[in-house]
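Reading through the structure tokens given below for one structure.
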């Protein structure tokens, strides 16, 4: 039995398949961000931001799976202005929503936000909250068939800011920027090149066949 398995292993070693990965990435103002809103949302650009990816090259092999990830970066700050005669704090949230409007995974949405509460503010004073830059990501639901031709994703972003208080009369001024990136990962099986077998490879296959023949004769 061991000899039989060894003979089959020798044959398989002469020509096996290899897995490989190829990644494409496109971004829209991901590092510096741009004023939110953008991409066909109220107050934003008249049309979605489009990120286009090349189709999988079928000459490389057989496409086994596609992993698409939407990344987002949001930089935000808020200035709370107290105009009440009584001191009250404010509950402030700074962030943005990045949406996939068209293409594979359309309808997906990435929410990135941070919340904070100010100390009680006396009338006529203000406090600035710097939320810094927050990152997020989400996987999109896609089909392999979508990537056998070129693919375009339509994206949009809208601010997700809020300012509330338990009393008094406070106002908040927000500064928010958002950027997005999509990464497409192709996982595929490499197609073996069509070549004339080298003498060493032929000998390896022959050795395996001889092992199988010897086992059959003994049986």
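Values quoted throughout were computed directly from the atomic coordinates according to the rules given, and no laboratory measurement underlies them. Not measured: the values here are computed from a predicted model. Cβ sites come from the backbone with ideal geometry, for glycine too, and all protein chains shown count toward neighbours.
Can you figure out the FRET efficiency of residue 187 with residue 135, using R₀ = 25 Å and their beta-carbon distance, to the nearest 0.05?
On the way: r = 24 Å, r/R0 = 0.98.
The pair residue 187/residue 135 has a calculated efficiency of 0.55.
Compute the distance from the alpha-carbon center of region 91-149 to that of region 50-79, in whole Å. With region 91-149 and region 50-79 each reduced to a Cα centre, they are spaced 18 Å. The value given for region 71-125 is a Kirkwood hydrodynamic radius of 13.6 Å, derived from the mean inverse Cα-Cα separation.
Per the Cα gyration tensor, region 30-112 maps to an equivalent ellipsoid with semi-axes of 40, 14, 11 Å, ordered largest to smallest.
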